[in-house]
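One structure is given below, encoded as structure tokens.
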Ligand code: TRH
């Protein structure tokens, strides 16, 4: 049997979990579905270990899920033959000794710069372009994840929809998931997963949900929106396994789980608030209504990104559904308590229709080649 091709992924975490989250999903898919020998070089192993519990937080060289995970630090040396492909995630830069060794190689690895996901139209023309390295005789290829066939696509594992649908039919597994959060069974009423950045609009929504007619169960990962929770509960923030009830609202705090368990939570909620990049994509695959909190950027660049995505998602939507969705997403992203509370009722009413659109959107998106599969094909042609 021919030896596996070797791919090295380099990741430096800017903040939070998205950079590590995307790299980990990509690494797993490359190894599990494409038989590649993958090494993930990462500067903050502890952040990755939050959702890959097999990893030691301070380990320098270890393995999990068939991936070699190495700490990327100042002591970096080239101590192994160069890989066939190098992924530089989110333009994090390669260590100089590594890039220099690539420049000296008779056949340097294919060098891919994996960019951030965007629905903006300019991505189509920028995806897949080469660029000469400013200092070294090397070419880098720019990979832009996106939502059209001209882009680099989004991460999607084989069999994802089947796994999702099987889970949804498994009442026992679903009930176990809720019991682990301290809830006796699958909650009735509206089930919400809430993964967001700090947002002053949140307490106003908690009020609306608590005072409404419908029972609402809202699950937040531990540490998320901590100050808003603190304020709303008067310091009595719920702990994992010990939900808090006020009016019609049950608030449950979930410990950090691995990515597969996080996916299962999204699959079993009626509404998913998501953020950043990776959870944003997973909410689309969950096929439920979702509200995106893009990573805040200077000059409201994140709102431009959000608008570009909404514009794609809305195509063909009835006006009332589109308007309610837009109003709620914008209010949520404006951190505006009154606007979010005002926009909620119409959004809630149109949510089933919004959900049907998300399902159709996900089905269409899944017809495009997935990010990992596209990358493998692209690199095969350049090896
Ligand atoms: O954590 P994020 O906000 O990540 C980011 C970073 O801020 C990054 O700098 C920015 O550039 C990028 O977004 C756009 O959100 P995201 O992308 O959704 O990543 C969260 C990851 O954490 C995702 O892979 C899912 C995972 N996760 C779990 O595996 N288990 C959990 O319990 C939770 C809450 C998350």
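Can you give the Kirkwood hydrodynamic radius of segment 191-324 from its Cα pairs, in Å with one decimal?
Values: mean 1/r = 0.0632 Å⁻¹.
It is 15.8 Å.
Cα gyration tensor of segment 256-316, axes a ≥ b ≥ c as square roots of the eigenvalues: rounded (a/c below 1.5), prolate (a/b > b/c) or oblate?
Working: a/c = 2.94, a/b = 1.47, b/c = 1.99.
Here segment 256-316 falls in the oblate category.
Whole number please: convex hull volume per residue, Cα atoms of the chain, in Å³.
On the way: hull volume 58.0 nm³, N = 383.
That works out to 151 Å³ per residue.
Round to the nearest 0.05 the FRET efficiency obtained for residue 356 and residue 169 when R0 = 30 Å and r is the Cβ-Cβ distance. Write out the running numbers ahead of the final one.
Numbers: r = 19 Å, r/R0 = 0.64.
Efficiency computed from Cβ-Cβ geometry: 0.95.
Using a 7 Å offset from Cα along Cα-Cβ at residue 301, what residues in segment 108-131 end up with backbone N under 17 Å from the label point?
Hits in segment 108-131 for residue 301 at 17 Å: 114-124, 126-127.
Roughly how many Å is it from the Cα centre of segment 62-117 to that of segment 18-47, as a whole number?
12 Å
Viscosity 1.567 mPa s, temperature 4 °C: Stokes-Einstein D of segment 249-383 from its Kirkwood Cα radius, in µm² per second?
Details: Rh = 16.3 Å.
It comes out at roughly 79 µm²/s.
Expressed as an acute angle from 0 to 90° and rounded to the nearest 10, what is the orientation of the C-alpha long axis of helix 371-380 relative to the principal long axis of the chain?
10 degrees
As a test of the formula, what do you get for the chain when each DSSP H run with n ≥ 4 contributes -39,500 (n - 2.57) and the sum is divided by the residue count, at 222 nm and rounded to the nearest 500 deg cm²/dmol?
Details: 14 runs with 157 residues, N = 383.
Mean residue ellipticity, 222 nm, calculated: -12500 deg cm²/dmol.
What shape does segment 121-163 have by the C-alpha gyration tensor, where a ≥ b ≥ c are the square roots of the eigenvalues, rounded means a/c under 1.5, and otherwise prolate means a/b greater than b/c and oblate the rest? Let's see the in-between values first.
Values: a/c = 5.35, a/b = 2.07, b/c = 2.58.
Taking the square roots of the gyration eigenvalues as a ≥ b ≥ c, segment 121-163 is oblate.
Compute the FRET efficiency between residue 377 and residue 15 as 1/(1 + (r/R0)^6), taking r as their Cβ-Cβ distance and R0 = 35 Å, and round to the nearest 0.05.
With R0 = 35 Å, the Cβ-Cβ based efficiency is 0.60.
Can you give the alpha-carbon Rg of segment 40-188 over 2.2 N^0.38 Å, where N counts its residues?
Working: Rg = 20.4 Å, N = 149, 2.2 N^0.38 = 14.7 Å.
Expressed relative to 2.2 N^0.38 Å, the Cα Rg reads 1.38.
For a footprinting-style exposure proxy, rank 42, 13 by other Cβ within 10 Å, fewest first.
On the way: 42 27, 13 22.
The most exposed by this proxy come first: 13, 42.
Hey, with R₀ at 30 Å, roughly what FRET efficiency would residue 186 and residue 363 work out to, going by the Cβ-Cβ distance, to 0.05? Numbers along the way, then the final one.
Numbers: r = 26 Å, r/R0 = 0.85.
For residue 186 and residue 363, the calculated efficiency is 0.75.
Over all Cα pairs of segment 40-107, how is the pair count split among 5 Å bins, expressed in % and running from 0 up to the last occupied bin?
3, 14, 26, 24, 18, 10, 3, 1
No lab work stands behind these numbers, since they all come straight from the coordinates. Predicted model only: the values in this text are computed from it and were never measured. Quick reminder, even Gly has a Cβ in these numbers, built from the backbone with ideal geometry, and neighbours come from all protein chains shown.
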